[in-house]
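Chemist: Here's a structure for you.
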Amino acid sequence: MTEKAFTDRLAEIERAFAEVEAAMTDPAVLSDPSRIASLGKKHADLRDLVADIRQWRSTVTDLEEAKAMSSDPDMAELAETLAKVAEELEGRIRREIIPADPNDEKDVILEVRSAAGGDEAAIWAGDLARMFTKYAERHGFVVEQLDAAPSEAGGYDKIVLGIKGRGAWSRFKYEGGVHRVQRVPKTESQGRIHTSTATVAVLPEAEEVDVQIDPNDVRIDVYRSTGPGGQSVNTTDSAVRLTHIPTGLVVSVQDEKSQLQNKEKAFRILRSRLLQAEQERAAAELSGERRAQVGTGERSEKIRTYNYKENRVTDHRIGLTIRRLDQVLEGELDEFVEALAADEQAKGLESGK
């Protein structure tokens with residue numbers, strides 16, 4: 001954000017705060033409880049930020065006066081102190097004026113699918129699901145299995161987890177993409193290293209108020225659940241497939257023995273996919289480009305590589321390597337998450353968004 005854009009933004013915030021304060025004394029507004037509640041929230045949201053802006057402006061004025069008298073050793077020392085205070089305040093303000101991600105407090109639906117690598121990719125998908133579950137539990141989130149398609153070789157062709165808890169999206173949103181593993185499979189007799197991948201999609205879980213689904217827009221099919229190799233899991237038609245006719249989105253769930261439970265879980269997943277599609281459409285209109293989380297799952301596409309031989313995990317988006325793969329797989333993802341959050345914040349400051 002340029003210096004002019006920064007100062008213009010501060011002036012805009014101060015004007016908005018003054019308008020809120022003026023409105024809160026308007027007799028017409030005082031007779032409207034909902035309007036007063038809305039203004040009270042805006043006032044609370046802006047109050048601390050405006051206090052920082054005013055303190056920063058005052059500090060900058062004092063700094064200029066101290067610099068003008070810097071021939072005096074005491075004034076020169078004061079100028080150094082004020083410069084540090086002004087820099088800290090400006091940094092805090094710049095961070096505060098970056099718009100918050102509206103999904104940060106939402107629960108999450110996380111889908112892991114095996115991609116390139118056959119049986120080993122399915123086993124890897126299972127390892128990732130376990131890693132995410134451990135990470136969620138470390139932060140006090142509740143993990144629920146929404147759907148799963150186990151693989152005959154172990155692991156999963158697909159597994160869908162619901163992760164509930166305040167701020168789940170803010171911690172899991174960076175995990176969407178292709179996760180690549182380099183290791184010797186248990187079935188490899190020659191000891192050769194294989195490269196396999198699994199794709200991860202992370203969706204903010206949508207509430208019914210976020211996404212309204214017209215029942216007439218959804219075709220509901222029921223069928224018999226099956227397990228690995230086509231074996232029967234259930235003798236009743238408990239599996240549910242939803243097709244959202246306007247968008248063509250299809251969601252299938254067969255995890256529960258109850259058709260009603262599978263239907264409920266399928267609608268949760270469908271709502272979240274529709275919310276994500278709408279948010280991506282809106283973002284595309286603003287930025288002119290559409291961010292794809294998963295790609296094709298090819299080995300060359302990856303956000304992170306897990307190398308067993310070197311006990312190394314590398315996040316390719318920020319160039320961060322951690323040589324504690326064993327601990328990462330036990331759910332110690334904080335170092336990556338915090339670095340990715342810092343990178344996102346730095347890009348926000350740079351772009352002024």
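The values are calculated or read from the model by the stated rules, or taken from the named source; none is laboratory data. These figures come from a predicted structure and were not determined experimentally. Positions of Cβ are generated from backbone atoms using ideal geometry, with glycine treated the same way; all protein chains shown enter the neighbour counts.
Chemist: Across segment 1-53, which residue is modelled with the lowest pLDDT among those that are surrounded by 12 or more Cβ atoms within 10 Å (Cβ to Cβ) and not in a helix (DSSP H, G or I)?
Modeler: Ranking the candidates gives Met1 first.
Chemist: Take Pro102 and decide whether it is surrounded by fewer than 20 Cβ atoms within 10 Å (Cβ to Cβ), part of a loop (DSSP other than H, G, I, E, B) and outside the structural domain of Tyr306 (by TED's automatic domain parsing).
Modeler: Numbers: surrounded by fewer than 20 Cβ atoms within 10 Å (Cβ to Cβ): yes; part of a loop (DSSP other than H, G, I, E, B): yes; outside the structural domain of Tyr306 (by TED's automatic domain parsing): yes.
Against the criterion (surrounded by fewer than 20 Cβ atoms within 10 Å (Cβ to Cβ), part of a loop (DSSP other than H, G, I, E, B) and outside the structural domain of Tyr306 (by TED's automatic domain parsing)), Pro102 qualifies.
Chemist: Could you give every pair whose Cβ atoms fall below 6 Å, whose first residue belongs to segment 252-277 and is within 17 Å of Leu110 (Cβ to Cβ), and whose second residue is among the acidic types (Asp, Glu) and part of a loop (DSSP other than H, G, I, E, B), counting only separations of at least 6 or pairs across chains?
Modeler: Ser272/Glu205; Leu275/Asp210
Chemist: When you look at Leu110, is it crowded, with 18+ Cβ neighbours inside 10 Å, in contact (Cβ under 8 Å) with a residue 12 or more places away in the chain, assigned to a helix (DSSP H, G or I) and touching an Asp or Glu at 6+ places or on another chain (Cβ under 8 Å), yes or no? Steps first, answer last, please.
Modeler: Numbers: crowded, with 18+ Cβ neighbours inside 10 Å: yes; in contact (Cβ under 8 Å) with a residue 12 or more places away in the chain: yes; assigned to a helix (DSSP H, G or I): no; touching an Asp or Glu at 6+ places or on another chain (Cβ under 8 Å): yes.
Here the answer is no, as Leu110 does not meet what is asked.
Chemist: Looking for something in the same structural domain as Leu203 (by TED's automatic domain parsing), over 30 Å from Arg241 (Cβ atoms), surrounded by fewer than 18 Cβ atoms within 10 Å (Cβ to Cβ) and under 17 Å from the mean Cα position of the chain (by Cα) - is there at least one such residue anywhere in segment 148-169? Reasoning before the result, please.
Modeler: Step one: filter segment 148-169 for residues in the same structural domain as Leu203 (by TED's automatic domain parsing), giving 148-169.
Subsequent filtering for residues that are over 30 Å from Arg241 (Cβ atoms) retains 166-167.
Okay, now just the ones that are also surrounded by fewer than 18 Cβ atoms within 10 Å (Cβ to Cβ), so 166-167.
Narrowing further to those that are under 17 Å from the mean Cα position of the chain (by Cα): 166-167.
Yes, segment 148-169 contains at least one residue that is in the same structural domain as Leu203 (by TED's automatic domain parsing), over 30 Å from Arg241 (Cβ atoms), surrounded by fewer than 18 Cβ atoms within 10 Å (Cβ to Cβ) and under 17 Å from the mean Cα position of the chain (by Cα).
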